[in-house]
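Chemist: Got a structure for you, written out below as C-alpha cells; questions coming shortly.
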Amino acid sequence: MSQAIRDALVELDAVTGIVYLLDRGRRRLRATLIGGSPPVIFTMPEQIPVDAPYASARAWRTGTVVVIGEPETRPDDPGLARLVPFPYSVMSTPLSGGGHRFGALTVVRLPTRDGTLGIPQRRKLRAIGDRLAARLTAGTAGGGPPDPPDRPVVFSVDSVPPPSDGEPSGGWGLPGIPGSYETTLMYQLHKLSEALNKAADMDAVADVARTGIMAPYRAGSLVITGFGGGRLWVTAHHGTAAGSLRSVHGASAEAPSPYADTLRGRDLRLFSDRAELLAAYPDAPDDGCRAWAFLPLRAGDTPVGVCALGFPAERHFTPEEQATAMMMASLLAQALERVRLGEKKHAIAESVQKWLLPRILGDLPDIVTTARYLPAASASGIGGDWYDVIALPDSRICLIVGDVEGHKVESAMLMGQLRSAMLAYAREEHGPAAVLSRTGDLLAALETDLLATCCLVRVDAAQGTAEVASAGHPPPLLRRPDGSLDTPDVPVDVPLGVHSGVAYRSVEFLLEPGTLLLLYTDGLTSARDADLMPRVRELLAAGPPATEHNLEGLADRLVAALPAPPERRDDIALLLARYEGALPRHRYRFARMEVRRHDLPGVRAARRFVRESLHDWGHGDVADALELMASEVVTNALIHADSHVDLRLREGPDHIRLEVRDSDVTPPVPSPVSVSGEGNARAEHGRGLLIVESLASAWGTSPSGRGKTVWLELPI
C-alpha cells in the first residue's frame with residue numbers, strides 16, 4: 001500500500017494519497033494508510049459511507065476512475081462539501097479483484113499543478129490501483145478481504161527514517177516507512193483536537209477521549225476525574241471495574257494517591273508495571289491493569305482533573321509518546337472546562353426560565369388543565385415562551401400563552417415581567433382586551449426593542465362562555481364534544497410593544513361541556529415538518545381513549561408528534577384545558593392543597609387532606625389505599641424536586657384521581673429491593689412506587705418540560 005501511494009504521488013504530482021478499505025459491515029470505507037505532506041494529510045476523512053457522493057465511494061460503487069474538483073468535472077451535487085480549506089481535486093480508482101471489491105486508492109492534488117487530470121492520468125492511477133488490487137487478491141487467497149484497522153497509519157513522504165529499527169513503539173506507524181511513527185502521533189493529536197472542538201457535552205467529550213486517546217494508545221481502561229470541593233469525582237470511565245472506581249470517586253485530593261498527586265502536580269506520571277506502582281503506593285487497589293499513565297488535566301493554572309490510562313500488559317513510553325500524551329491532556333482539559341462552564345451557564349439559564357414560568361397551574365372543578373414546554377436547540381438554552389393559568393373569583397379562569405422574541409436571557413427576563421403584569425391585570429377583573437392593552441403599554445414603557453405575542457382566554461365556568469383576545473398570536477384550537485375541530489374567529493391584533501393606536505378587540509363564544517381548548521406558541525407552526533399541524537389536528541380530533549380520564553396522556557401524545565432538536569428550531573409551549581360543564585348531574589368534586597418546599601412534616605397534612613376529602617365525598621372505602629400512595633408520591637417529590645408540591649384530588653364518574661405536581665423533570669422509576677451495595681441510594685426512593693404500582697388501577701408520570709405530574713387512579 002505504501003508503495004502504491006508513493007507511485008501515485010510521483011506519477012500524478014499529488015500531495016496526498018489514501019488507501020480506503022471496506023469495513024466488515026460493508027457500509028463504510030475506512031482509511032487504512034495515508035501518505036503525503038503535512039498538513040494536508042491531517043485533513044483527510046477517516047471514514048466515508050459507501051453511498052456518499054465523494055470520489056472514493058463513487059469509484060468503489062461504479063468500478064471506474066472518478067475525478068472531482070477539476071474545472072471540467074464538477075460534482076453532480078452542488079452542495080458537496082469540501083473537506084480541506086484550499087482548492088483541490090480528487091481522483092480515485094477502485095481496488096477490486098478475485099471477486100472482491102476491497103476499496104479505493106485516492107489521491108489529492110492541486111488543480112493548477114501539471115494541468116488537469118485527463119485520460120492519461122486516469123490510466124496511470126488505474127494501473128497503480130490494479131497492481132495493488134492484485135497484491136490484495138494474492139494476500140486473501142483462501143480467505144476473505146482484509147479488515148481495515150481502527151485507526152489509519154500516516155506517513156510523510158519527505159521524512160527521514162525513524163531513529164529505531166523494527167516495530168515502532170506502541171504500535172504507532174509501520175516499520176520501514178520513513179516518518180510514519182512521528183507523523184501518526186501528530187495525526188492522532190490533530191484528530192483529537194478536531195473532535196474535541198465538536199464535543200458539546202460531557203458524554204461527547206468522554207467518547208472522544210475513548211476513541212482519540214485510549215484507543216490510539218491501546219489502553220485497556222480509561223478513567224476521567226473532575227475536581228471540586230477538595231475531592232476527585234469520576235466523570236467518565238471505560239473498561240474499568242466498579243470496585244476500583246469506588247476508591248477514586250469522592251476521594252480527597254490531599255490524600256496520597258496517583259490521582260491526587262497527579263492533580264496537584266503538572267507532570268505525567270507513568271508506571272510501566274505493577275511493581276513500580278506498588279513501590280510508590282503500597283495500598284493501590286488491583287484494577288486488573290499492569291501499567292498506568294496518569295495525565296494531569298489543567299486549564300491554565302487551574303487543575304481540572306486527571307485522565308488515567310490502564311494497560312493490560314507492561315508498557316514503556318518513548319519521549320515522543322510522553323510529549324504527545326501531555327499535549328492530548330491539555331486539549332482534553334480545555335474541552336472539559338469549556339463543557340463544564342457551558343453546562344453551568346445552561347443550568348443557570350434553565351433555572352431562570354423554570355422559576356419564571358408558573359410553579360402551579362390554576363384549576364377549577366369544572367376546568368382541567370395541563371401544560372408542556374419544549375425548549376429549542378438554541379445555544380443559550382433559554383427562550384421567551386410562556387404559559388399561565390390564573391384562577392379568578394366566581395368560577396372564572398384565565399388561560400394565557402405568549403412568546404417574547406429571541407432566545408436569550410433578556411427574552412426570558414422580559415417574559416417574567418409580562419407574565420407578572422398580566423397576572424395583576426387579570427386579577428383586577430380587567431377583560432382580555434384590556435389586559436393586553438395595559439400590558440402593551442407597560443412593554444412600551446420598558447424601553448426594549450423586543451416584541452411579544454400573546455393569546456388570552458377568560459373562561460366563565462358557571463356561564464359556559466369564553467372570551468378571547470390576541471396580540472399577534474395564533475388563536476386557540478377547539479375540539480367540540482362531537483370530535484369536530486374549530487378555530488374561533490378571533491381578530492389577531494398587533495403584537496405587544498407595537499404602537500398602532502388601535503385598541504385590542506375580543507370575541508366571546510359559548511362552550512359546550514366536554515370542549516377542549518389548545519393554546520400554543522408559533523414554534524408549533526414554524527417547524528421544518530410541513531405536516532406538523534395536520535398531525536396535531538388529527539390527535540386532537542381522535543380524543544382520548546375510552547379508558548383515559550385526564551389530559552396528560554393527550555399532552556404526551558402531542559409532544560411525541562413534535563420534532564426533536566435540531567429540527568425543532570423554536571421553543572414550543574402548549575396549554576390544554578377541558579371544560580367539564582356545570583350541569584349538577586355531571587359535576588364531580590375537586591380538592592387541592594399545597595405542601596411547601598422542604599416541608600417534610602407536610603406529608604402528614606397531605607395524608608389528612610386525602611382521608612378527609614374522601615370521607616366527605618362518601619368514598620371512605622378507598623381512603624386507606626389512596627392515603628398510603630399519596631404519602632409515598634409526595635415524599636418522593638419533596639426529597640427530589642426541591643420545590644413546592646401541588647396535590648389535586650378529583651372525583652370522576654367511576655374513579656378517584658390524585659395528581660402530584662412538582663418542578664423536577666426526572667421521572668420516578670420503581671426499583672426492586674436489592675441486597676447489593678450497587679445503587680442502593682437511588683433505589684431507596686423508588687421502592688415506594690412499587691406500592692403505587694401494586695395498589696393503583698392506573699398510574700403514570702407526565703413531564704411538562706419544566707416539571708412533571710405523577711398521577712394515579714383508584715376505581716370507585
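Chemist: Would you work out which of H346, A200, M328 lies farthest towards the positive end of the dipole of region 183-348? Charges go on Cβ: Lys and Arg +1, Asp and Glu -1.
Modeler: Selected residue: H346.
Chemist: How large is ³J(HN,Hα), in whole Hz, for each residue of region 641-648 in order, when computed from phi with the Karplus curve 6.51 cos²θ - 1.76 cosθ + 1.60 and θ = phi - 60°, using x for Gly and Pro?
Modeler: Per residue, the Karplus-derived 3J(HN,Hα) values read 7, 6, 8, 5, 10, 10, 9, 9 Hz.
Chemist: Over all directions, average the projected area of the Cα convex hull of the chain and note it in nm².
Modeler: 40.8 nm²
Chemist: Whole angstrom only: what separates the Cα centroid of region 200-228 from the Cα centroid of region 479-500?
Modeler: Answer, in whole Å: 52.
Chemist: Taking the number of other C-beta atoms within 10 Å as the exposure measure, put W711, W386, W233 in order starting with the fewest.
Modeler: The order, fewest Cβ neighbours first, is W233, W711, W386.
Chemist: Can you give the Rg to Rh ratio of region 183-348, both from alpha-carbon atoms, with Rh computed by the Kirkwood formula?
Modeler: Rg/Rh for region 183-348 comes to 0.94.
Chemist: Suppose every Lys and Arg Cβ carries +1 and every Asp and Glu Cβ carries -1, with no other charges. What dipole size does the chain come out with about its Cα centre, to the nearest 20 debye?
Modeler: 1580 debye
Chemist: So, one more: Quick one: compute the contact order of the chain, relative version, from alpha carbon pairs under 8 angstrom and 6+ residues apart, as a percent.
Modeler: For the chain, the relative contact order is 7 percent.
Chemist: Run the dipole for region 357-586 about the Cα centre, Lys and Arg Cβ at +1, Asp and Glu Cβ at -1, nothing else charged, and hand back the magnitude in debye, nearest 20.
Modeler: The dipole of region 357-586 has a size of about 280 debye.
Chemist: Which residues make up the longest stretch of the chain that has no trypsin sites (Lys or Arg not before Pro) in a DSSP loop with at most 12 other Cβ atoms within 10 Å?
Modeler: With a cap of 12 other Cβ atoms within 10 Å, the longest stretch comes to 267-527.
Chemist: Next up: Based on alpha-carbon atoms only, what is the radius of gyration of region 357-586 relative to the globular estimate 2.2 N^0.38 Å?
Modeler: In units of the 2.2 N^0.38 Å rule of thumb, it is 0.97.
Chemist: With a 10 Å Cβ neighbour count serving as the proxy for reagent exposure, in which order, fewest first, do M629, M91, M202 appear?
Modeler: Fewest to most other Cβ atoms nearby, the residues stand as M202, M629, M91.
Chemist: Could you please rank L511, L270, placing first whichever residue has the fewest other Cβ atoms within 10 Å of its Cβ?
Modeler: L270, L511
Just so you know, all these numbers are worked out from the coordinates, no wet-lab data involved. The structure presented is a predicted model; accordingly, all values stated were derived computationally and were not measured. A quick note on method: Cβ atoms are made from the backbone with ideal geometry, for glycine too, and the neighbour counts reach across all protein chains shown.
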